[in-house]
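The structure appears right after this line, and notes come after that.
Coordinate-derived values only; no laboratory data. Computed from a predicted model, the values in this text were never measured in an experiment. Please note: Cβ atoms are built from the backbone with ideal geometry, for glycine as well, and neighbour counts cover all protein chains shown.
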Amino acid sequence: MIVVASSNGRIGIQAATDTIRQGGTAVAAVEVGIRLVEANPDDHTVGFNGYPNILGEVELDAGIMNGRTLESGAVGAMKGYLHAITVARQVMEQLPHVLLVGDGASRFAAEMGHPPQAEMVLPETREVWANRLRTDMSNSDIEQIAERTDLARWVQLATDPERTKGTVNFIAQDKDGNICTGVSTSGWAWKYPGRLGDSPIIGAGNYADNRYGAAACTGMGEMAIRACTAHSLVFYMKMGLSLAEACQRAMADLRDLAGRFISVMNLVAIDKEGNHAGYSSVDGRTYIYQTLNMPDYEELPRTVVPIPPRWG
Ligand code: GLY
């Protein structure tokens, strides 16, 4: 029985582990852990105070998968509600659908009784956004940004490869051996409105199957979508590869992507026995895990499979 998370899950891993200790499900543990990250204003890649899109609006993506049933739920580009992971879980458990986006996701959050969150960023974060735009755009360009018909041009100028990373991953295995994955993100800073990353795309940003294991990704979501990374990793275990071999193979798939816009990618994974692993394309990245007999989490370096960046 174990909880594994990306390192920005530190704030939530104890609550997730306690949920399982107290007999809760893997699904409940993942939701509890991620909600604490979504509420953390110091994390600019997830939930409240996440970096906004190019229009200055925070759009949230989240996905969750129950490895016992292979049921999943996700929301994409959801505005005005904080706990995207809970809305994703409600999509999974209360609708015949898997993915709701945009206005439909917000509408469903309201129907589920979530309180609207009028302001999703603190003033200093809005200032970071405005300062970034000011380096490329005049003040009058910024004032008219919502009406512009050439956002594609500006989104390329404002795109910052250093800010493409970020997202929280949780994987939990409960006392019954059931596995759940969850991911939540405010996505790529200064992104084009409506852009979805890998987090709401089941099989790209997360995938769980009790029979084999589970995986979840952070980093440049477009790469995980192109390589179907989370599903591929679990599929490699299904084909008989060990956890380490499956992780290496999934990273190699990412490394072998051709074309442009190749940046940092990271993944965490477990096999069905609860063995865990963390991989990254760059040095210095860590992940955390906690088992039920550990009083606190342990933080470990990720194994590096280098992926040379290519941009623009
Ligand atoms: N991995 C998060 C994103 O690209 O949106």
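Of all residue pairs spaced 6 or more apart or on separate chains, those with beta-carbon atoms under 8 Å, a first member in segment 54-75 that is within 15 Å of the ligand (Cβ to nearest atom) and a second member that is aromatic (F, W, Y) are I54/W154; I54/W190; I54/Y192; V58/Y51; L60/Y81; V75/F108.
Between N178, N206, the distinction of being within 14 Å of the ligand (Cβ to nearest atom), touching a Ser or Thr at 6+ places or on another chain (Cβ under 7 Å) and over 14 Å from M78 (Cα atoms) belongs to N206 only.
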